[in-house]
1. Evaluate the following for ARG104: is it within 22 Å of ALA49 (Cβ to Cβ) and without any contact (Cβ under 8 Å) to a residue 40 or more places away in the chain?
2. With the requirement that a residue be surrounded by fewer than 21 Cβ atoms within 10 Å (Cβ to Cβ), more than 22 Å from GLY105 (Cβ to Cβ) and of a type in the set (A, V, I, L, M), what does the stretch 27-82 give you?
3. Exactly one of (1) open to solvent by less than 40 Å² (accessible area, probe 1.4 Å); (2) over 9 Å from the mean Cα position of the chain (by Cα) is unmet by GLN89. Its number?
4. Would you say TYR74 is among the aromatic types (Phe, Trp, Tyr) and touching a Lys or Arg at 6+ places or on another chain (Cβ under 8 Å)?
5. Which ones in the stretch 8-26 are open to solvent by less than 50 Å² (accessible area, probe 1.4 Å) and either more than 20 Å from the chain's Cα centre (by Cα) or touching a residue at least 24 places away in the same chain (Cβ under 8 Å) (or both)?
6. Is one or more of the residues making up the stretch 7-14 of a type outside the set (A, V, I, L, M), in a helix (DSSP H, G or I) and either touching a strand residue (DSSP E or B) at 6+ places or on another chain (Cβ under 6 Å) or within 10 Å of LEU60 (Cα to Cα) (or both)?
7. I need the full set of residues from the stretch 137-174 which are open to solvent by less than 50 Å² (accessible area, probe 1.4 Å) and assigned to a loop (DSSP other than H, G, I, E, B), in order please.
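The values are calculated or read from the model by the stated rules, or taken from the named source; none is laboratory data. Since the model is a prediction, treat every value here as computed from it, not as a measurement. No Cβ is skipped: glycine too gets one built from the backbone with ideal geometry, and neighbour counts run over all protein chains shown. To get the accessible areas, we keep the full protein, side chains included, count just its heavy atoms, and leave off ligands, DNA and RNA. Shrake-Rupley method; radii C 1.70, N 1.55, O 1.52, S 1.80 Å.
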Amino acid sequence: DVKEAVKWFIRAADLGVVEAQAIVGTMYAQGKGVPQNYAEAMKWFQRAADQDNVEAQLNLGILYESGHVGKPDYAAAHKWYRTAAMRNQPEAQMRLATLYTEGRGVAKDLNEAAKWNRMAADSGDTTAQVKIGFAHLNGQGVPQNFVEARKWFAKAAEKGDAAAKFNIGTMHEN
């Protein structure tokens with residue numbers, strides 16, 4: 001019973017259990033067992049993030065970037081993505097890379113974007129492996145290197161990534 005679970009998670013969260021705070025934030029963000037409420041989600045994520053919960057830090061970044069609670073705040077998103085990324089959270093690393101690629105909340109910096117995508121790729125994230133493959137293919141933030149591009153596409157393709165397989169095919173065609 002999800003509603004019963006929420007009740008107990010909230011009790012634990014009120015007592016300062018960090019994992020429960022992050023879970024309650026997620027439940028409010030998703031509307032799972034409670035009405036969807038991004039402001040309430042943010043409150044719980046903030047509590048957990050302030051206590052170094054990496055998933056809450058990522059989720060705070062997502063809420064700030066999305067604008068679900070007011071206007072998008074890319075500087076705040078950057079702060080929380082970076083905090084989580086420094087703790088090796090692959091999705092935070094990729095989202096941080098996207099902010100640098102698009103110049104949202106930070107100066108556009110393809111070198112910095114490639115650095116963060118590479119970290120996520122090194123952790124085995126297939127989306128990041130494709131992104132760093134593209135970076136090498138096009139010389140964006142890293143030297144253009146077709147061998148390196150193919151290597152990253154192959155890593156993602158081995159895990160079944162369709163885009164990576166397509167890119168390897170395209171490389172062989174050209």
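1. It is true that ARG104 is within 22 Å of ALA49 (Cβ to Cβ) and without any contact (Cβ under 8 Å) to a residue 40 or more places away in the chain.
2. Within the stretch 27-82, just VAL34 meets the criteria.
3. Condition (2) is where GLN89 drops out.
4. Yes: the conditions hold for TYR74.
5. Hits for the stretch 8-26 are ILE10, ALA12, ALA13, GLY16, VAL18, ALA20, GLN21, ALA22, GLY25, THR26.
6. No; the residues of the stretch 7-14 include none that is of a type outside the set (A, V, I, L, M), in a helix (DSSP H, G or I) and either touching a strand residue (DSSP E or B) at 6+ places or on another chain (Cβ under 6 Å) or within 10 Å of LEU60 (Cα to Cα) (or both).
7. Across the stretch 137-174, the qualifying residues are GLY139, GLY141, VAL142, GLY160, ASP161.
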